[in-house]
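Undergrad: For reference, the structure I am asking about is given below.
The values are calculated or read from the model by the stated rules, or taken from the named source; none is laboratory data. Everything numeric in this text was worked out from a predicted model, so none of it was measured. Glycine gets a Cβ as well: all are built from the backbone with ideal geometry, and neighbour counts include every protein chain shown.
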Amino acid sequence: MLLRLATLDDAEAMRAIYNLEVETSTATFDLVTRSLADQRAWLAERSGAHAAVVAVDGDEVVGFASLSPYKERAAYRTSVEDSVYVRRDRHGRGIGKVLLGEMLDVARRHGFHAVMARIEATREPSLALHRSCGFELVGIEREIGRKFGRWLDVALMQRLLD
């Protein structure tokens with residue numbers, strides 16, 4: 001498996017992974033799937049410190065991860081939020097851990113101090129992934145989102161970088 005920076009050519013494969021989660025899970029709180037143009041625009045915003053990387057097996061994108069600004073206000077500029085998505089037929093193979101490890105390295109190289117993760121509170125595999133990479137639970141946002149006709153809590157996890 002190869003990790004590399006995502007390019008616009010990866011947009012369709014990334015969109016397929018992401019849109020399945022939009023339509024069928026609480027891995028994202030998005031309610032509307034992304035068009036190819038939407039995914040390309042999202043990718044165009046991901047460069048430098050707020051990079052997106054893909055995991056490629058052969059010639060197939062099997063997962064991706066990114067860093068995004070945590071909040072807009074200037075005092076938060078030393079913090080980022082991570083996102084990790086792995087194609088469902090590749091779950092349980094360590095791809096998420098490799099992607100998250102790469103995002104932590106990218107964040108460290110760009111001088112960020114804190115990496116935050118906002119995870120729907122019942123998604124134990126995502127919580128476990130982040131715990132395995134040194135994240136700690138710092139709070140629960142109660143009934144902060146609504147999807148599939150139910151209220152959802154979000155676990156806020158944090159990793160301080162060296």
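Undergrad: Could you list, in sequence order, the residues of region 56-74 that are farther than 21 Å from MET157 by Cβ and either surrounded by 18 or more Cβ atoms within 10 Å (Cβ to Cβ) or hydrophobic (A, V, I, L, M, F, W, C) (or both)?
TA: VAL56, VAL61, VAL62, ALA74
Undergrad: In region 119-145, which residue that is among the β-branched types (Val, Ile, Thr) and under 9 Å from ALA155 (Cα atoms) is surrounded by the most Cβ atoms within 10 Å (Cβ to Cβ)?
TA: ILE119
Undergrad: Does region 1-44 hold any residues that are among the small types (Gly, Ala, Ser), more than 17 Å from GLY63 (Cα to Cα) and touching a residue at least 60 places away in the same chain (Cβ under 8 Å), and which are they?
TA: none
Undergrad: Sticking with this structure for a sec: If only one of GLY101, GLY111 is over 22 Å from TRP42 (Cα atoms) and at pLDDT 95 or above, which one is it?
TA: The conditions single out GLY111.
Undergrad: Continuing with this model, one more query. Which of the residues belonging to region 75-97 are within 25 Å of ARG4 (Cβ to Cβ) and either surrounded by fewer than 18 Cβ atoms within 10 Å (Cβ to Cβ) or acidic (Asp, Glu) (or both)?
TA: GLU81, ASP82, ARG88, ASP89, ARG90, HIS91, GLY92, ARG93, GLY94, LYS97
Undergrad: Of (1) buried (at least 17 other Cβ atoms within 10 Å of the Cβ); (2) of a type outside the set (Val, Ile, Thr); (3) out of contact with any Asp or Glu (no Cβ under 6 Å at 6 or more places or on another chain); (4) not in a loop (DSSP other than H, G, I, E, B), ARG46 satisfies all except one. Which?
TA: (4)
Undergrad: A further question on this structure: Have a look at LEU160, LEU137, LEU129, LEU156 and point out the one that is touching a His at 6+ places or on another chain (Cβ under 7 Å) and hydrophobic (A, V, I, L, M, F, W, C).
TA: LEU160
Undergrad: Looking at region 119-139, is at least one residue in contact with a Ser or Thr (Cβ under 7 Å, 6 or more places away or on another chain), of a type outside the set (Asp, Glu) and outside any helix (DSSP H, G or I)?
TA: Yes: region 119-139 contains one or more residues that are in contact with a Ser or Thr (Cβ under 7 Å, 6 or more places away or on another chain), of a type outside the set (Asp, Glu) and outside any helix (DSSP H, G or I).
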